[in-house]
Each structure stands twice: as structure tokens, then as C-alpha cells.
Amino acid sequence: MRINQHFGRSERFFIYRVEADGRAVLLEEREARRPCGNGSHEEDALEAAAAALSDCSIALVSRIGPGADRALLRRGVKAFETPGELIPDAIDKLVRYLIRLRGIAPRG
């Protein structure tokens, strides 16, 4: 599977946990009401989509707008744009980047 959906058009999210050895484990799939369509977004749906990820530390997305990015940040979730990448490759790159940058791996 690829990261191929703009955050605001996403109707489902795949939740992974990254183990201490860097291996990603799929925990669940979460559905959300699509917040954006036809050039605008529904604020309630945008907030609900961000709330659905509030127990995560990072969201990998193809693209994200500033409103959705702020909604995630208010919940402590940082969005990283990785358009078109395979999910395992994007997670691997992110983990390597965080380890190199800070010497830590993300929670959940």
C-alpha cells in the first residue's frame, strides 16, 4: 500500500506501532468521515479526523493543508508529507531520520 491520499480526503487511516528494533507492526485500521471535498472542508469532520489520530505521534500523508496540520498539532501529532511512497518504506525512512536527528523513535 502507498501513501497516496491527501489528509483531508482520507476516509481511513492505518495505525502502526514502531518496535524498538525499528520494525513496524500494523495495529488497526481506523475509518473517518472525509473532511474535505469540492475545494472546502467541514470543520467538524476535520477535527474528528484529527481526533482519530490523537493517540499517535506522527501522521504520514501524501499532502496536508494548513488547517488540518494545525488540527493535528493541537493534538500533539506531527504530519510528514511522503507522497506516493510505500508505507513500509516511508516508516523506515522516518524511523531512521528520527534516530539520526534525536536518537529516539516515535511512540505508537
Computed [θ] at 222 nm, helices only, for the chain once each DSSP H run of length n ≥ 4 contributes -39500 (n - 2.57): -9500 deg cm²/dmol
Relative contact order (%) - the chain, alpha-carbon pairs under 8 angstrom, separation at least six: 31
Kyte-Doolittle at least -0.5, axis length at least 15 Å by Cα - qualifying DSSP helices, the chain: 87-102
1.4 Å probe accessible area per residue over the chain, in Å²: 61
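Longest span of the chain, sites excluded, free of GluC sites (Glu not before Pro) in DSSP loop with at most 12 other C-beta atoms within 10 Å?
Within the chain, the longest run free of exposed GluC sites (Glu not before Pro) spans 20-108.
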Whether the chain is rounded, prolate or oblate, judged on the alpha carbon gyration tensor where a/c under 1.5 counts as rounded: prolate
Heavy-atom accessible surface of the chain: percent carbon and sulfur, 1.4 Å: 48
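The values are calculated or read from the model by the stated rules, or taken from the named source; none is laboratory data. Given the structure is predicted, the values throughout are model-derived calculations rather than measurements. Glycine also receives a Cβ, built like all others from the backbone with ideal geometry; neighbour counts cover every protein chain displayed. Heads up: the accessible areas ignore ligands, DNA and RNA and are worked out on the full protein's heavy atoms, side chains in. Shrake-Rupley method; radii C 1.70, N 1.55, O 1.52, S 1.80 Å.
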